[in-house]
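The values are calculated or read from the model by the stated rules, or taken from the named source; none is laboratory data. Computed from a predicted structure; not experimentally measured. Here the Cβ positions follow ideal geometry from the backbone for every residue, glycine too, while neighbour counts run over all protein chains shown. Only protein heavy atoms, including side chains, enter the accessible area calculation; ligands, DNA and RNA are left aside. Shrake-Rupley method; radii C 1.70, N 1.55, O 1.52, S 1.80 Å.
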Amino acid sequence: MSFIDDDRPQKKLAHEIGADLSMLSVDELKARVELLKTEIARLEAEAARKTSGRQAAENFFRS
């Protein structure tokens, strides 16, 4: 019985803050860094969106 890699479930890339990193390869560490950079950008974009919405509401009610 042989397995085809495409049929196997993909390992979900995730990072837990404070997790032990000693068993990860350099490639795995780099992948986690990219994952975290992407998540930081997503968080910053959402914060900016919410700040913009709040400012618009405050300006509307000041008028």
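Above 16 Å lies some portion of the pair distances; for the chain, what is it as a whole percent of all C-alpha pairs? If you can, show how the numbers build up before the last one.
Details: 1308 of 1953 pairs.
Percentage above 16 Å: 67.
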Residue-wise HN-Hα coupling along region 39-50, computed from phi with Karplus coefficients 6.51, -1.76, 1.60 (Hz; x: Gly, Pro): 5, 4, 4, 5, 5, 5, 5, 5, 4, 5, 4, 5
Charge dipole (the chain, unit charges on Cβ, about Cα centre) - positive-most of 57, 25, 38: 57
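In terms of solvent-accessible area of protein heavy atoms at a 1.4 angstrom probe, what is the ranking of 17, 40, highest value first?
Working: 17 140, 40 90 Å².
From most accessible down to least: 17, 40.
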